[in-house]
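The values are calculated or read from the model by the stated rules, or taken from the named source; none is laboratory data. Since this is a predicted model, take the numbers as computed values, not measurements. Using ideal geometry, Cβ is built from the backbone for each residue, glycine included, and neighbour counts are taken over all protein chains shown.
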Amino acid sequence: MSKHHHYKTTIQWTGNKGTGTSGYRDYERSHTISVENKPIIEGSSDPAFRGDKTKYNPEEMFLSSLSSCHMLWYLHFCSEAGIIVTNYVDHATGIMEETNTGSGRFTEVTLHPTVSVKEESMVEKAIKLHHKANEFCFIANSVNFSVKHIPNVLVN
């Protein structure tokens with residue numbers, strides 16, 4: 001039996017410079033992302049689309065969602081398998097292809113997690129669990145392209 005989980009977020013445009021969207025260059029792409037009882041995230045579009053480079057853009061948030069979902073499943077499976085992870089950092093990369101009409105889509109995401117485990121005997125299994133985490137990641141299961149993984153496992 002499947003379970004349904006419901007999520008709610010509020011996006012509010014904050015970029016009206018006084019004349020609304022009277023012209024393409026007459027408004028900012030700034031907005032806030034909020035969820036009840038959580039800090040507000042300042043958002044904008046990518047600078048390539050007239051956005052503010054100091055604020056998060058949807059493409060970065062999308063990439064971050066894939067990376068964090070994978071990490072959370074990975075840590076879960078490591079915990080179940082007795083693999084003691086002491087550090088996890090992912091420098092995720094993604095490629096978005098823009099068409100000549102202005103539309104676009106992500107065509108590739110690669111996660112580059114560097115994981116530290118407690119013992120050498122844990123390394124092989126720690127590498128393999130990235131595949132299982134990918135199979136379970138809700139976000140990776142929702143995209144129409146493969147999410148690649150290039151893991152690095154260290155012993156500390």
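Structure above, values below:
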| quantity | calculated |
| --- | --- |
| Members of the range 85-129 that are out of contact with any His (no Cβ under 8 Å at 6 or more places or on another chain), of a type in the set (D, E, K, R) and either without any contact (Cβ under 8 Å) to a residue 40 or more places away in the chain or closer than 30 Å to Pro58 by Cα (or both) | Glu97, Glu98, Arg105, Glu108, Lys118, Glu119, Glu120, Glu124, Lys128 |
| Residue satisfying all of: in the range 25-40; exposed (fewer than 11 other Cβ atoms within 10 Å of the Cβ) and in contact (Cβ under 8 Å) with a residue 12 or more places away in the chain; farthest from Gly104 (Cα to Cα) among these | Glu36 |
| Inter-residue pairs, beta-carbon under 8 Å, first under 15 Å from Tyr27 (Cβ atoms) and in the range 41-56, second surrounded by 15 or more Cβ atoms within 10 Å (Cβ to Cβ) and β-branched (Val, Ile, Thr), 6+ apart | Gly43/Ile33 |
| Set Ser116, Ser146: member being out of contact with any Lys or Arg (no Cβ under 9 Å at 6 or more places or on another chain), of a type in the set (S, T, N, Q) and surrounded by 15 or more Cβ atoms within 10 Å (Cβ to Cβ) | Ser116 |
| The range 120-143, subset in contact with a Cys (Cβ under 7 Å, 6 or more places away or on another chain) and either among the aliphatic types (A, V, I, L, M) or part of a helix (DSSP H, G or I) (or both), residue surrounded by the fewest Cβ atoms within 10 Å (Cβ to Cβ) | Ile139 |
| Any hit, the range 55-71, residues being farther than 19 Å from Asn152 by Cα and surrounded by fewer than 11 Cβ atoms within 10 Å (Cβ to Cβ) | no |
| Residue within the range 19-39 that is in contact with a His (Cβ under 6 Å, 6 or more places away or on another chain) and modelled with pLDDT of 95 or more present | no |
| Qualifying residue in the range 86-98 (condition: among the β-branched types (Val, Ile, Thr), assigned by TED's automatic domain parsing to the domain that holds Val143 and in contact with a Cys (Cβ under 6 Å, 6 or more places away or on another chain)) | no |
| Subset tally (residues that are in contact with a strand residue (DSSP E or B) (Cβ under 6 Å, 6 or more places away or on another chain) and in a loop (DSSP other than H, G, I, E, B)) for the range 85-111 | 1 |
| Top-ranked residue in the range 37-81 [being among the hydroxyl-bearing types (Ser, Thr, Tyr) and assigned to a loop (DSSP other than H, G, I, E, B); ranked as farthest from Ile95 (Cα to Cα)] | Thr54 |
| Flag for Thr54 being under 16 Å from Lys148 (Cα atoms), at pLDDT 95 or above and under 20 Å from the mean Cα position of the chain (by Cα) | no |
